[in-house]
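The values are calculated or read from the model by the stated rules, or taken from the named source; none is laboratory data. These figures come from a predicted structure and were not determined experimentally. Cβ coordinates were reconstructed from backbone atoms using ideal geometry, including for glycine residues, and neighbour counts include every protein chain displayed.
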Amino acid sequence: MTRARDKHLARLTARRESVITAADRRREALQAQVAIGVVLRRCLARLDIDPARLTMLRVCDAAAAELAAMPAARDGVAPSATGRTAGRTGKEQNGAPVGEAAGAAVFDARLMAMTENYRNGCDLDLGKASLAEALAWCVAQLSPRDRPEQPTAHPPED
């Protein structure tokens, strides 16, 4: 009887550890918005552009305020920092990413496509731009030596 109960408790504990609560997801979304805001402010500063022109930075400021007001995460550490986030395994199934890794791959592809459009001369209205559009525009404006390294599946062509 004790053995069965121990197995049941172990299953429940494992399930509890792998569940991401709505608060955990919200915290991760807020952390992402704050991080994007930091990157955008740095980029705009490099380009001598007043960050107040980018309206969506207000979203990043609101995210920072909400994050500061949130109670500490489980064990005082955000789920993404503990590596216990379910679905964010980075694993592949039949050569394709699964779970949240698949969503990240789609976002990366769209961001790179937008970046290429901005490199080709597409204009951006800072007052109406989304965070993703502003991020892509900023990456496109950086000189090649200032751009972050981008991992590629294939070696760069000469």
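The requirement of being under 22 Å from ARG53 (Cα atoms), in contact with a Leu (Cβ under 7 Å, 6 or more places away or on another chain), surrounded by fewer than 16 Cβ atoms within 10 Å (Cβ to Cβ) and at pLDDT 75 or above is not satisfied by ALA136.
Tell me yes or no: at least one residue of region 74-87 is at pLDDT below 90, of a type in the set (Gly, Ala, Ser) and crowded, with 16+ Cβ neighbours inside 10 Å. Yes: one or more hits.
When region 52-65 is filtered for residues that are surrounded by fewer than 16 Cβ atoms within 10 Å (Cβ to Cβ) and touching a Leu at 6+ places or on another chain (Cβ under 6 Å), only ARG53 remains. When the residues of region 30-51 are filtered to those that are without any contact (Cβ under 8 Å) to a residue 24 or more places away in the chain and under 12 Å from the mean Cα position of the chain (by Cα), the one that is surrounded by the most Cβ atoms within 10 Å (Cβ to Cβ) is ALA32.
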